[in-house]
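The values are calculated or read from the model by the stated rules, or taken from the named source; none is laboratory data. Fair warning: this is a prediction, and the values are worked out from it, not measured in the lab. Glycine gets a Cβ as well: all are built from the backbone with ideal geometry, and neighbour counts include every protein chain shown.
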């Protein structure tokens, strides 16, 4: 029964995707603006639906952090609407000719962007992901199947109802956007087998979810996996800049994937840098753990164990290590990092480029906080997730990353010899 | 034992890949030119090794087509060397900044090409794939693991020995290029599990091989799957051009994936087009099968069954169908095509663009033969395969398609609020 329901959803999405691929930019933008308008106009209805989820969350004893992520209010609805309007302003990636060249035989060969087709997204909690995923997928000409967390089911049903209505009014087929409205877990298992109809699955959420998807999907997956990020304070760093960046990377929002987990400090400036830095971390409530060299400089902190270098705390905990060289910092990151978001603080030109080139991460920073690894911060409007793999795309995913390409070839009778 | 051997190869490749990623273009090009030189200089040795494979092929009773694919001689060695020299001339894709923009907070955000890491390729018969894969992977900064067909094992051992020697002399690490020199089938199974070390698997070969890889790989796969290609002769076609293109697409080399399997003809020109066209197919030895409308025009051909529209003949067999409209042609292709290589013959501007936009295939042609879907023909130098999927890349894969990207971000102290 669930299997049949999921198959029907997938099949409908596939059929719709062929129509959506050809919808012109004006209709897409109209739909996004109408979605924004309808969301705001339906605030009361949305908040009422959300209340049901919030009550259930309290009964179930979800943490206050989880409850906060689930909550929607007038202000957050306005933010969702803003995000829709922002995506409407972005350039439509479909039919962009990425490059074109002429062959000696006169063939004009080009590469043009196309929608991917049908995209499934599996996510947890935050209802704004529903809106972001819908807006990015439709603007990039894809059909989308949404599978939100069970704790947000009432909110998501209300949200998608409004979004679909606006999309259809603007000229989209009804099945352009579908929510899987059963919370049964087998629905995900069935979804992952629909490779006949679905072109891409994006899981966003905890480690267990990602693993389930990667291990069971016969559909290509773009992972949004964990983040174990570093800031390296180089021997040539401006120490004040280093202090601000490290503090921001650790404390501005410690629960997210692009927060810093380990601070690497060059031995030449460690003695000068550590005391004030560690004091500020402590003032911010950070549980600091240091390597032996760090403890020689500031003794009243915990010992970092071998395990610490491989731990994604997602909390106000930090491990600090003194390294002998830039190469040692790059090696440490290669061995312990998750290759998501890595930063160097330095004033040296050659060393900045060495770090940029040799650190093999989705986002590599010079003199800025690791916290900027985010679709909005990069100017992509919204984000569909942050790819932690190398195939297809890497790092924050916006509209362009939701497209494929095809070759188009203009001839005048060429045949092959 | 085989498991341990494969793990060692994969691990060595991973270690080597970090060094290769930083090798500069001059060294890469020197290596490719040296490989070309060494191949030619070692012709006798290569031909001797190939003789062993050829003898075994004869004993085993391989078809003459298979034997021909396996054979190498002076001329074919020269061709391999040419291909290496051509790849040396291509622009190095690594470190190309694809785009860069400035954010309101002053951050300069860019996307830069990087190698993928370790690429495994599993292929059958043709020894030139060994050379093409090696040259493209090394030039794009990747380590490569080659798994050729068992029937070519002696040739491939000789070839890779020469290539590795040249690469090492030029400054590549020894494990940049490795051949799996055991022909045992379990080696492939083990290889497909090495997701800790290998970033991408490319299978090239028959349907059974592709299915085995897709079903058993925990590593991301780029498929090089079957081709069921169409040529559509539009109502507005220049009929002479249509005849030449259709004949070429079917007969120039019928055994390959980009050959035409079904010819679609617009009803308005069918009566004028069919007689001469079908006569020429027959002269070329093609077994022609027609729909009822086709048979009304030319009666002495076989009936096409429903099955024919879904059959990749890879042989001198052709099914012909009369369609009522451009839309009907596009629909037929959507339902029966493998979305590899599709062509329209028309003199009409709007209809050419409608076909280009709406046919969702890796390569879509106006007024040229489907047979051009090939890395060399597109000017990519050599080709690593032809992707028949939408994720990462689609169509012929050259150097660019063997890269990933990362974001690089230049700041001057930015922190997130």
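Of the helices (runs of 4 or more DSSP H) entirely within region A:116-223, none holds at least 1 residues that are at positive phi. A search for C-beta distances below 6 Å between a residue of region B:397-417 that is at positive phi and any residue that is not in a loop (DSSP other than H, G, I, E, B), counting only pairs 6+ apart in sequence or on different chains, returns B:413/A:241; B:413/A:367.
Note on region B:60-78: residues that are modelled with pLDDT under 95 and assigned to a helix (DSSP H, G or I) total 8.
Given the structure, is residue A:380 in a loop (DSSP other than H, G, I, E, B), closer than 23 Å to residue B:119 by Cβ and within 14 Å of chain B (Cβ to nearest Cβ)?
Criteria not met by residue A:380.
Note on region B:241-272: residues that are more than 17 Å from residue B:282 (Cα to Cα) and out of contact with any helix residue (DSSP H, G or I) (no Cβ under 9 Å at 6 or more places or on another chain) amount to 3.
Conditions tested, residue by residue: (1) touching a helix residue (DSSP H, G or I) at 6+ places or on another chain (Cβ under 7 Å); (2) crowded, with 23+ Cβ neighbours inside 10 Å; (3) closer than 23 Å to residue A:48 by Cβ.
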{"position": "A:129", "(1), (2), (3)": "no, yes, yes"}
{"position": "A:145", "(1), (2), (3)": "yes, yes, no"}
{"position": "A:155", "(1), (2), (3)": "yes, yes, yes"}
{"position": "A:161", "(1), (2), (3)": "no, no, yes"}
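One residue stands out among those in region B:247-272 that are part of a helix (DSSP H, G or I) and in contact (Cβ under 8 Å) with a residue 40 or more places away in the chain: the one that is farthest from the other protein chains (Cβ to nearest Cβ), which is B:267.
Just so you know, in region B:360-370 the residues that are out of contact with any helix residue (DSSP H, G or I) (no Cβ under 6 Å at 6 or more places or on another chain) and over 15 Å from residue B:237 (Cβ atoms) include one that is nearest to the other protein chains (Cβ to nearest Cβ), and it is B:363. Restricting attention to region A:371-387, the residues being more than 27 Å from residue A:348 (Cα to Cα) and touching a helix residue (DSSP H, G or I) at 6+ places or on another chain (Cβ under 9 Å) number 9. The residue list A:285, A:290, A:337 contains one member that is at positive phi and in contact (Cβ under 8 Å) with a residue 12 or more places away in the chain, which is A:285. Among the residues of region A:215-230, those identified as at pLDDT 85 or above and away from chain B (no Cβ under 11 Å) are A:216, A:217, A:227, A:228, A:229, A:230.
Within region B:94-115, does at least one residue satisfy the condition of being assigned to a helix (DSSP H, G or I) and surrounded by 13 or more Cβ atoms within 10 Å (Cβ to Cβ)?
No, because not a single residue in region B:94-115 is assigned to a helix (DSSP H, G or I) and surrounded by 13 or more Cβ atoms within 10 Å (Cβ to Cβ).
Screening the candidates B:52, B:3 for the property of being under 21 Å from residue B:159 (Cβ atoms) and part of a helix (DSSP H, G or I) yields one hit, B:52. Within region B:394-417, restricting attention to residues that are more than 7 Å from chain A (Cβ to nearest Cβ) and in a loop (DSSP other than H, G, I, E, B), the residue that is nearest to residue A:352 (Cα to Cα) is B:417.
Does region B:383-393 hold any residues that are on the phi < 0 side of the Ramachandran plot and either in a strand (DSSP E or B) or facing another protein chain (nearest Cβ under 10 Å) (or both), and which are they?
So in region B:383-393, the residues on the phi < 0 side of the Ramachandran plot come out as B:383-384, B:386-391, B:393.
Within region B:383-393, B:386, B:387, B:389, B:390, B:391, B:393 qualify.
The set of residues in region B:341-357 that are touching a residue at least 40 places away in the same chain (Cβ under 8 Å) and either in contact with a helix residue (DSSP H, G or I) (Cβ under 8 Å, 6 or more places away or on another chain) or at positive phi (or both) comprises B:341, B:342, B:343, B:344, B:345, B:346, B:351, B:355. Residue B:343 meets the stated requirement of being within 14 Å of chain A (Cβ to nearest Cβ), touching a strand residue (DSSP E or B) at 6+ places or on another chain (Cβ under 8 Å), under 29 Å from residue B:283 (Cβ atoms) and modelled with pLDDT of 95 or more.
When A:66, A:80, A:1, A:54 are checked against the criterion of being exposed (fewer than 14 other Cβ atoms within 10 Å of the Cβ) and either over 18 Å from residue A:174 (Cα atoms) or in contact with a strand residue (DSSP E or B) (Cβ under 8 Å, 6 or more places away or on another chain) (or both), a single residue qualifies: A:1.
Scanning region B:303-354 for residues that are assigned to a helix (DSSP H, G or I) and crowded, with 16+ Cβ neighbours inside 10 Å turns up B:308, B:309, B:326, B:328, B:329, B:330, B:332, B:333, B:336, B:351, B:352, B:354.
Would you confirm, using the coordinates I've provided, whether residue A:212 is within 12 Å of chain B (Cβ to nearest Cβ) and farther than 26 Å from residue A:50 by Cβ?
no
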